[in-house]
Every structure is written in C-alpha cells, then in structure tokens.
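What follows is a set of notes on a single structure, which appears directly below.
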Protein chains: 2
Amino acid sequence: MKSDVILLGHGSGGSLSHQLLDEVIVPALSGLAPREQNDAALLAAVDGRLAFTTDSYVVDPLFFPGGNIGDLAVNGTVNDLAMVGARPLALSVGLILEEGFPLADLRRILVAMRAAADQAGVAIVTGDTKVVPRGKADRIFINTSGVGVCDHDFDIRGSRARPGDKILINGSIGDHGMAVLASREGLELESDIRSDSAPLNALVAALLTAVGAEIHALRDPTRGGVATTLKEIALQSGVDIVLDESALPITPAVAAACAILGLDPLYVANEGKCLVIVAPEAANAALTALLRHPEGRGTAIIGEVGPASSGRLLLRTAIGGLRAMEMLAGEQLPRIC
Amino acid sequence: MKSDVILLGHGSGGSLSHQLLDEVIVPALSGLAPREQNDAALLAAVDGRLAFTTDSYVVDPLFFPGGNIGDLAVNGTVNDLAMVGARPLALSVGLILEEGFPLADLRRILVAMRAAADQAGVAIVTGDTKVVPRGKADRIFINTSGVGVCDHDFDIRGSRARPGDKILINGSIGDHGMAVLASREGLELESDIRSDSAPLNALVAALLTAVGAEIHALRDPTRGGVATTLKEIALQSGVDIVLDESALPITPAVAAACAILGLDPLYVANEGKCLVIVAPEAANAALTALLRHPEGRGTAIIGEVGPASSGRLLLRTAIGGLRAMEMLAGEQLPRIC
C-alpha cells in the first residue's frame, strides 16, 4: 500500500479498491484468493430453519478497554443469531470508511474481527467497502450481518415468557456501556472497567443441550440495557416481569461509576450478556449449565415472571417495595455500540 | 412521532427507538408486529446452496432521476445474489442516520425500499438502526445484506470464462453513474439521464432456464463500470477479453454527458446491468432469452473471450485497433452507490 491512510480511490471499485481488498481486508478477514471473489458467497446447503440478522456499529471511541469496534461487531451479530437459538454459519462485513482513516487502525480492527470470528467458530465470507470524503462519516462504521441455522425445533421468542418462568443472566451488568463511556470521557476510575464483549453462541449451545425446550426466550441486553430488554419481553409476552434488585450482579467498579455519573446500570449496555427466560422446573438445570461455562461463571437468577398480564417490568427493591420501570427514554449513552 | 427529524434518542435502543421502529420503519418495510420482533429473523429451511452478500450505500445525492438510495440498496443486493445464480430469499436493512435527518426523507426512502423488494419478490426480514450526532455522518447510509438459495447446480463464477465465450450486456451502459453525477453537479443536460437501477433476478432466472449450464459467469458492472468488471473477470479466469467498441450500447445522452465531462462510459457505474459470459454455442439462445425480458430489451453481444491467457482486457476500437484497458484508477466518481 502506497498510502498509510484511506483515500477516496479506495472506494472507487477500481484498482485502489482491489489493492485495499487484496492486500489488507481479505487477508485479514478470510484469506479468500482474488480469483475466487464473486458478488456473493456461496455456502453449502444446510438442514434446518435459517436465522438472519444485521447490526451496524458506530461506537465511539473505536478502541476501549476490553475490545474495539471490530470484535464488538462480530460478537454482536454472533449473539443475535444465538438469541434465537441458531448456530452461526457465516458473517458479512460492510465497512464505511472516512477518507484519511489510518490504515494502521483499520488493520487493528480487522485483526480483532478475525480473532472474534475464530473464537465464535464462524467464517467471514463476504464484504463491501465504501469510502466517503473527510467529514462525511466519523472514521469507521461497520455493518455485520449473519446467517445461522437452527439444529433443533425449539421455539425461542420474546413472546414466549410465561407466568412462573425464572429470569437468569450470565454475569455482571453494565460493563460494556461503562467501559465505553469511561474511555470516551477520559474518566479516571479507581479500578478499570472492561467491556464484556464476548461471543455467546457456545454458552447458548450448552444451555440448549442442557434444558432445550424449557428455554422460552433469550435476549442480549445491549442498547437500552437489562431494563429496556425485559420491558420489551414483558410487552411481547403480555406478562409482568419482577426483577429482584438485591440479586442483580453488578461489579463495585460499575456501581461506583454509575453513581458518579447518575446512571442506572439497568439501562447500561452489555455486549456479552444473555437474559434467559426459562420454565421454573428447569431453572436450576439452566443455572448449573450456565455456571459451568466460561462466559457464565457469574450467572444469577435475577427475577421471575409474575402472575399478572399487564406488560409491566417491576423492580423489587432492597427494602421490599415494587417500582415500575419503563424503557430507556432519550439518549442516555449515544454511540455505545 | 413528536419530532419531524431524527433525534439522537432514536438510536438509544429505548422508547424513542421503539417508536421509530414501530411507527415508521417496520410498517414501511415489513409489517412485522412488535411482539414478533426478535434479535434475528427465522426463515424456513431451504433446499440448495445458500448465497450471502452485503453492500453499503452512501450515494450522494440521496434522490436522483430514476431512483433513490433506498431502491438502489435493495436492487444492488438482489443483483449480487442473482449474479451467482441464486434466488433472493430475504434482505436485511441496516440504517445509519445523522441526527436531524428529516423523517419525511426517511419515509420516502423506506417506501422505495419496500417497492423495490416487492418488485424483486424478496422480503425484508430484519434490520437495525443507529443514530450518530450531527456532522458525524452524511444524512443516511444504508447497508443491505441478502440471503438467497441456488435452485440448480450450475457453476457460475468470475473464474469460469473460457476462450471463445461470448460477452453480452442487457442494455445501455453508464446510465446510473451519469444520472447521479448530473444530479449532484446540477448539470443542465439536453435530455434527462435516468439511473438504470433495477432488480435483475427475474432476468437471470429466465436466462438460467433458457441456457443453464452454458452460463459461465455473471457480474453486474457497478462501481468501476464495465471495463473494471471485465478486467476482474479476465484476471480471475486467466483469459483475454476483447470488447468491440462499436457494439457497446450507449445512449446519445450518456455519450454526450461523458464527452462534456471527459469520462469514459466504460468506467461509469451501472445498477441494472448484467454482463453475461456464455459458451459460444449458447450465445444466440442467451441473446434471445434476454431480449424477451423487460430488463433485457437493449441486450447486445459486446465482445468475446480471446485465445490468449494473459488476463488482459482489450478494446477493439471503431477504426480496428486494439487498446489495452486497465481497472479504473483513482476516484473517478466518489459516492456513486
């Protein structure tokens, strides 16, 4: 590469585009030879329902404790597939680059994408790169879409929560959002907060093997946090959900940072967490399966689905009261993912 | 909607995001009820190889004669699936919106996306919306990814062009690029140039039915134009390709606009055109099948694969000379798609 920054010509579709693709992007992400690059990737036939999802990533800063926009983009889409019970098969990567973006930063991001894809056992099979003039985008935006397959017939949906179901989460909440925010604002915290960005497909596969059809809903509480996500499920299922405040796993560092900034960790984004809504008789089996998994060591039962059907999310506070919680209003933390 | 422009909170994942999704985006694109929205869409099992592709769209201006960024984004991804011989099944839509973007423009774009998807017979099944602060993106960027299935075993790839193959295109070249450029620069042309943006999946299906396995390669000459695309195929297949200048279908309006601006229409983007590389004995059958199709009325045989194997693209000029053509160098037309 003759330039060490992105040029407009890298998005032209011509020789500079090919050079960027063949020398930087494809070697990092897939290793596909130029003669095998076509308009779409072909995948082998699969047996089972297909899952399909997409997410764009505009996080600021691009690099933060615990990850960067690259692994975040891969993990986020892997997790969206896992949340419907699908095994991730293939990812696409759409890059929108600002003219002048340093190639060194791009390489670092691509390396993180490939490492995350390898960790999740999913291939990056197709991509696209656009370049816009300086000032028309903020450095880099990444879209990842994903295709997966369901190896089972379980019916896992946000509308399937039932009275009596238990609600589990696989570890501490608010880590991603607070890591990004602390990094963006240059906060000096007593202890480092790291993003929890992680692929959850193996954890979900273990859970499905252990308790299968008793899993009613799975959802990763990203933007909007645990409270917004559970409120969505309460509305989708037409049930009340009661969260137990004293059971919520929150690290002292995140609790302290939230207190300083006046934020409620229940509304802060997570990127390696999964809410599990499971039939009560399978709750202990689910807990055991999750605790055994590396991404589930902090699993806790944090609430249950109540008997009423009014679509409320209620927080049982430490002193025993019940407080209704709504979805996140406004823009608490823009560009958190 | 209380606001008539996009607010940062519309990307928060909270209540404003849900309002935008439930009142504007989902009704326009898919009609999926809120209670059936999950992290990924589930599709029925299919029989055959899967195709998967992605493209981001950053075209400027957003609205141009013959289309807008919305139908362009749908047609482009539908066409990438068609170019590997796949039947498009489902699309995803990833929106990156700039704070302050008018909701009226968003609605107009979404309507165009849905109309294009309906025309192509493909469903928009999943999506994502991010919002960045004013000045951090240019109004709207759209990623569309697509999943398709191959109903046949034909092997259609850029590396399969063979000596003697004929090269066809389904109509006039350079229309999209010149329509966008004329619109962007406010050129006053004697006759309007309209983008050729169109879905090509039905045309390709008709072609495959007519000549099937004799189709060696298909490619839509978007960014970089016909010359860059054919140079790619020449390199991928290790063949020489000879284009016949006098056979190239170019409208007088595009030819005149290119002459004024000093552009070569062979390097100007198309969004409803398909290069067909077909075995010589099937060329007439392919021509007939394409001419019968509404998107193929302007089909012409524009060249052939020569006997040499040096990866060159050669233009046989009107006066009989042979001129070597390279890929587009630099950034002739930024943000053309």
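So here's what we get for this one:
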| quantity | calculated |
| --- | --- |
| Spatially close lysines, pair count over chain B: Cα under 20 Å, gap of eight or more or interchain | 4 |
| Relative contact order [Cα under 8 Å, 6+ residues apart], the range B:158-325, whole percent | 43 percent |
| Magnitude of the charge dipole, the range A:8-150, Cβ model with Lys/Arg +1 and Asp/Glu -1, debye to 20 | 20 debye |
| Cβ-Cβ FRET estimate between residue B:213 and residue B:247, R0 fixed at 30 Å, reported to 0.05 | 0.75 |
| Qualifying GluC sites (Glu not before Pro) for the range A:293-327 [loop in DSSP, other Cβ within 10 Å: at most 16] | A:326 |
| Average accessible surface area per residue within the protein assembly as shown, 1.4 Å rolling probe, Å² | 34 Å² |
| Accessible-area composition of chain A, carbon plus sulfur, in percent [1.4 Å probe] | 51 percent |
| Heavy-atom accessible area, 1.4 Å probe, ligands and nucleic acids excluded: residues of the range A:232-246 down by at least 20 Å² from chain alone | A:232, A:236 |
| Per-residue [θ]222 nm for chain B (sum of -39500 (n - 2.57) over DSSP H runs n ≥ 4, rounded to 500) | -8500 deg cm²/dmol |
| Teacher prompt: residue B:281 distances to equivalent labels in other copies, 7 Å Cα→Cβ, nm | 6.6 |
| Interface A:B - total buried accessible surface [probe 1.4 Å, Å², rounded to 100] | 6400 Å² |
| Residues in the range B:5-23 occluded by at least 10 Å² - accessible area, probe radius 1.4 Å, against chain by itself | B:8, B:9, B:11, B:12, B:13, B:14, B:15, B:16, B:18 |
| Choice from A:300, A:289, A:308 showing the highest fluctuation, given a GNM over chain A with Cα pairs closer than 10 Å | A:308 |
| Added length on full extension, which subtracts the Cα-Cα distance from 0.36 nm per residue, residue B:192 to residue B:108 | 28.1 nm |
| Highest-MSF residue in chain A out of A:234, A:285, A:120 [GNM, Cα springs under 10 Å] | A:285 |
| Cα centroid separation - the range B:271-333 against the range B:159-218, whole Å | 10 Å |
| Selection of trypsin sites (Lys or Arg not before Pro), the range A:223-326, meeting DSSP coil and at most 15 other Cβ within 10 Å | A:297 |
| Projected label distance in nm at residue A:310 and residue A:255, using a 7 Å step from Cα toward the beta-carbon | 3.1 nm |
| Positive dipole terminus of chain A, leading residue within A:284, A:116, A:42 (C-beta point charges) | A:42 |
| Gained length - residue B:3 relative to residue B:184, 0.36 nm times residue gap less alpha-carbon distance | 62.3 nm |
| Charge tally in the Cβ shell below 15 Å around residue A:9, where Lys, Arg are +1 and Asp, Glu are -1, residue A:9 excluded | -2 |
| Loop-located GluC sites (Glu not before Pro) in the range B:107-194 whose Cβ has at most 11 other Cβ within 10 Å (DSSP) | B:188, B:190 |
| Alpha-carbon gyration tensor eigenvalues x 5, square-rooted, for the range A:1-145, Å | 25, 18, 13 |
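The values are calculated or read from the model by the stated rules, or taken from the named source; none is laboratory data. None of the values given here were measured: they were computed from a predicted structure. Glycine gets a Cβ as well: all are built from the backbone with ideal geometry, and neighbour counts include every protein chain shown. Just so you know, the surface numbers come from the protein's heavy atoms only, side chains and all, with ligands and any DNA or RNA stripped out. Shrake-Rupley method; radii C 1.70, N 1.55, O 1.52, S 1.80 Å.
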